[in-house]
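Let me begin by presenting the structure, written as structure tokens, before commenting on it.
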Amino acid sequence: MGVYEAGVNGTDGTATATTCSCWNTSMRCWCRWRWENHQQQQQQHNVLRQRLVSLVFSSGFTFFLGYLLLYGSIGMFYAWLMFSKPYLRSTNAGVGLKSLGCQEDNEGSWSIGVFYGDSPFSLKPIEAMNEWRDEGAAWPIANPVVTCASLSDAGFPSNFVADPFLYVQGDTLFLFYETKNSITSQGDIGVAKSIDKGATWQQLGIALDEDWHLSYPYVFNYLGQIYMMPESSQKGDLRLYRALNFPLQWTLDKVLIKNPLVDSFIINRAGEYWLFGSDHSGVGTTKNGQLEIWYSSSPLGPWKPHKKNPIYNVDKSVGARNGGRPFVYDGNLYRVGQDSGETYGRRVRIFKVEVLTKDDYKEVEVPLGFEESNKGPNAWNGARYHHLDVQQLSSGKWIAVMDGDRVPSGDPVHRFVLGSASFAAVTAVVVVLGVLLGAVKCIIPLNWCAHFSGKRNNALLGRERSNLFSSKVRRFCSRLNRVPLSVRGKIKPNTWAGKLVLAVIFAVGVALMCTGVKYFYGGNGAEEAYPLNGSYSQFTLLTMTYDARLWNLKMYVRHYSRCSSVKEIIVVWNKGIPPRSSDLDSTVPVRIRVEDQNSLNNRFKKDPMIKTRAVLELDDDIMMSCDDIERGFNVWRQHPDRIVGFYPRLVRGSPLKYRDEKYARRHESYNMILTGAAFIDRTLAFERYWSSEAKAGRELVDGYFNCEDVLLNYLYANASSSQIVEYVRPTWVIDTSKCTGVAISKDTNMHYKIRSNCLLKFSQIFGSIAGRKWEFNGRKDGWDL
């Protein structure tokens, strides 16, 4: 019953009483609703808490968590075994890696190589020219010649370098290129200089840095002025810069076209200047498949569009987008385009321009004659190459710069997706194992799918009646939970067949876990070469074998030919009918050298056809990772006067006795490296081995049919009082002869006895090496007197 109150200024109070009564009723309803809603939420929280507690303490959850931890432990061990490098010494192998540069980038890991030829269609990489440089320990120099590390080590952090353009001034070459700044993630224009025809490059710094992305630095000369026309599509126009103090100081000369053209160049042809570029901003434009042409009487403009624009608006694999500087050869104009069909910048394609007028344009594709690498991610350009600048030198020879990448575009994202999918699959495998073993009774607890059992208001009940989704989910859960019973009825873990199924499923989980770890922690999968002083080099791989070990040889060649720094494989064939080189799956040339006599001395036979200074003597039954091989090569480049290898031995005692690697490790020192897996200087080693002083030793090798590697160690020790051997510890090694039954030294005791006799004989001829030893950390341990 309402309370009467007088109205204001004498007004009637009935309205006020009624309003107050309604307000009180509304307030009570609101409070009741809030209280009911609070109780409902509290009941929901209690139910969820109970479900969570029952889940955590259930046997199924314990099984699930335990198996995930088991698989995780296996994955961690696999990562440690395959992707950590615990034995990597300070070998200068990590040049550039300690700087801010060379970070993994979704755009790629582009670098730049140099090529030479008698024409633009006969280009060969710099390593084919056999250019040696002592200051870079490169015998010969190998591509790439400019990398992110080159620039980062010079103080300009870079994730990659790409889009190279040459500018020739007499005998000096200037290289302009895009560099992606590791700090700003923006493209800038870098510049380097070479005075030895591109063999080595001095990094000069950043030539152009704007507030927007820059790339494709097309540099040219006009009326005595040097101009640069980089891509600045992010700014929305095409800009021309003029050199104030070449090559590092530039000023904006003018905006040529107010269109966001990408990868543009200017060419003087038939009395006109022609500008080629791509505009991807238009509606309906095919990205990387569009090309436009503009013309003018001057490279400074004004520019008029071609009558047939766009010249191309086609599939991105056609090569419409420019891929470097055009060139003239035998009077014909050629345009370089990039094929982005498989991935962005997959390869360059060459087009011969047949018609170029203001009204018409025609071109036909011609072969470049460039041989792509088959080494995959181990090659610096194994996945793609999308830019070429080829120019003729005053000598008449042609020089070219080309960029390349070892992985396709978007590789980090691709690996993340595959790695996540692999880990998700491992989770599914654990559930399947739990179902088969009876630890998982149901896939989804049925009470998770039930209707809320608390008190409902009318609105909530109305919504539940009108929406059948909850009941459908419940029916689905019920059907899904019948699966474990059905599966356990067909596959019984107590039987041999059931145990085999469980073992296979568990192995699948291990494989999936290792696959996921590989995608997440294994990087791009490349076993790259290690630079030394900013330079890369190559070596020759030599092995000695015969017909009974052909299976080993085929596997050997297939594996090692894909190592980054292998230039050629030489097979010394001692006995039987040799295979043809075409029978071997190799990405590098294979030369089979058939010997007249079956002698172990043939391993170190002088061979004038070997072009590299370094030779890796590697038995055909030894398998190790390309990364270990590359590390060993890097160490040898620092110590080319030593035998650098992977199998240490310690010779000591009286009388001298040959012992295995465990003996050397037990005494933490070594004084001999077996040449079954070792780098040597071909000239130094072969001349010493075939000198007149070594004749008696070679005769002993033929007599014992053993000890050729021991003899070479004595010859090195006899020629120098300094350290003569260097050990590199491999991550893993597999002896494949154990699987084939064709091991040369089947009787280990007899093999060691013969080698002990060799030690005695060689010590009498050349003097003992027992008094010299070095610790495994590289420090000389001194002489034992």
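The values are calculated or read from the model by the stated rules, or taken from the named source; none is laboratory data. These numbers come from a predicted model, not from an experiment. All Cβ positions, even for glycine, are placed from backbone atoms using ideal geometry, and neighbour counts span all protein chains on display. In case anyone asks, the SASA skips ligands and DNA or RNA and just uses the protein heavy atoms, side chains included. Shrake-Rupley method; radii C 1.70, N 1.55, O 1.52, S 1.80 Å.
Observations
- Candidates are the residues of the stretch 364-400 that are open to solvent by less than 30 Å² (accessible area, probe 1.4 Å) and of a type in the set (D, E, K, R); the one that is farthest from LEU173 (Cα to Cα) is LYS375.
- Criterion (touching a strand residue (DSSP E or B) at 6+ places or on another chain (Cβ under 7 Å) and either touching a residue at least 60 places away in the same chain (Cβ under 8 Å) or farther than 24 Å from HIS386 by Cα (or both)) met by exactly one of GLY289, GLY301, GLY319: GLY301
- Count of residues meeting criterion [hydrophobic (A, V, I, L, M, F, W, C) and part of a helix (DSSP H, G or I)] in the stretch 645-671: 1
- Subset of the stretch 553-583 [open to solvent by 10 Å² or more (accessible area, probe 1.4 Å), at pLDDT 95 or above, in a loop (DSSP other than H, G, I, E, B) and not charged (D, E, K, R)]: SER564
- Residue within the stretch 603-615 that is farther than 25 Å from LEU674 by Cα, β-branched (Val, Ile, Thr) and touching a Lys or Arg at 6+ places or on another chain (Cβ under 6 Å) present: no
- Each residue in the stretch 254-279 was checked for being open to solvent by less than 50 Å² (accessible area, probe 1.4 Å) and within 42 Å of the chain's Cα centre (by Cα), and 18 of them qualify.
- Test: LEU600 is touching a helix residue (DSSP H, G or I) at 6+ places or on another chain (Cβ under 8 Å) and buried (at least 22 other Cβ atoms within 10 Å of the Cβ): no
- The residues of the stretch 336-363 that are hydrophobic (A, V, I, L, M, F, W, C) and either closer than 18 Å to VAL161 by Cβ or loosely packed, with under 14 Cβ neighbours inside 10 Å (or both), listed by number, are VAL348, VAL355.
- Cβ-Cβ under 7 Å pairs, at least 6 apart or on other chains, the stretch 224-241 side farther than 17 Å from GLY282 by Cβ and in contact (Cβ under 8 Å) with a residue 12 or more places away in the chain, far side of a type in the set (S, T, N, Q) and open to solvent by 20 Å² or more (accessible area, probe 1.4 Å): TYR241/THR251
- Against the numbered list (1) within 16 Å of LEU166 (Cα to Cα); (2) in contact (Cβ under 8 Å) with a residue 24 or more places away in the chain; (3) not in a loop (DSSP other than H, G, I, E, B), LYS254 comes up short only at (1).
- Taking (1) surrounded by fewer than 22 Cβ atoms within 10 Å (Cβ to Cβ); (2) in contact with a helix residue (DSSP H, G or I) (Cβ under 9 Å, 6 or more places away or on another chain) in turn, THR612 satisfies each apart from (1).
- All positions within the stretch 510-552 that are assigned to a loop (DSSP other than H, G, I, E, B), at pLDDT below 95 and aliphatic (A, V, I, L, M): ALA526
- Counting the residues of the stretch 621-644 that are part of a loop (DSSP other than H, G, I, E, B) and either in contact with a Lys or Arg (Cβ under 6 Å, 6 or more places away or on another chain) or β-branched (Val, Ile, Thr) (or both) gives 0.
- Residue pairs meeting the criteria (Cβ under 8 Å; at least 6 apart or on separate chains; first in a helix (DSSP H, G or I), in the stretch 416-427; second of a type in the set (Val, Ile, Thr)): LEU418/THR515; GLY419/THR515; GLY419/VAL517; SER422/THR515
- Among residues of the stretch 631-650 that are on the phi > 0 side of the Ramachandran plot, none has a beta-carbon under 9 Å from a residue that is surrounded by 24 or more Cβ atoms within 10 Å (Cβ to Cβ) and at pLDDT below 95 at least six positions away or on a different chain.
- Residue within the stretch 215-234 that is of a type in the set (Val, Ile, Thr), open to solvent by 30 Å² or more (accessible area, probe 1.4 Å) and closer than 28 Å to ILE267 by Cα present: no
- Considering residues of the stretch 713-728 that are more than 37 Å from the chain's Cα centre (by Cα) and part of a helix (DSSP H, G or I) only, the residue surrounded by the most Cβ atoms within 10 Å (Cβ to Cβ): TYR714
- Subset tally (residues that are without any contact (Cβ under 8 Å) to a residue 40 or more places away in the chain and touching a helix residue (DSSP H, G or I) at 6+ places or on another chain (Cβ under 7 Å)) for the stretch 191-215: 2
- Within the stretch 235-253, considering residues that are among the hydrophobic types (A, V, I, L, M, F, W, C) and open to solvent by 40 Å² or more (accessible area, probe 1.4 Å), the one farthest from the chain's Cα centre (by Cα): LEU244
- In the stretch 744-756, the residues that are under 23 Å from LEU550 (Cα atoms) form Cβ pairs under 6 Å with partners that are modelled with pLDDT of 90 or more and open to solvent by less than 60 Å² (accessible area, probe 1.4 Å), at six or more places apart or across chains, as follows: SER745/HIS751.
- Whichever residue in the stretch 535-547 is in contact with an Asp or Glu (Cβ under 7 Å, 6 or more places away or on another chain) and among the hydroxyl-bearing types (Ser, Thr, Tyr) and, among such residues, is surrounded by the fewest Cβ atoms within 10 Å (Cβ to Cβ): THR540
- Filtered residue count, the stretch 85-102, keeping only those that are modelled with pLDDT of 50 or more and either assigned to a strand (DSSP E or B) or of a type in the set (D, E, K, R) (or both): 1
- Listing of strands (runs of 3 or more DSSP E) fully contained in the stretch 335-405 that carry 2 or more residues being of a type in the set (Val, Ile, Thr): 347-356, 361-366, 398-404
- The set of residues in the stretch 265-289 being in contact with an Asp or Glu (Cβ under 8 Å, 6 or more places away or on another chain) and more than 22 Å from PHE165 (Cα to Cα) consists of THR285, THR286, GLY289.
- Flag if LEU550 is farther than 30 Å from SER420 by Cβ and either surrounded by fewer than 21 Cβ atoms within 10 Å (Cβ to Cβ) or more than 29 Å from the chain's Cα centre (by Cα) (or both): yes
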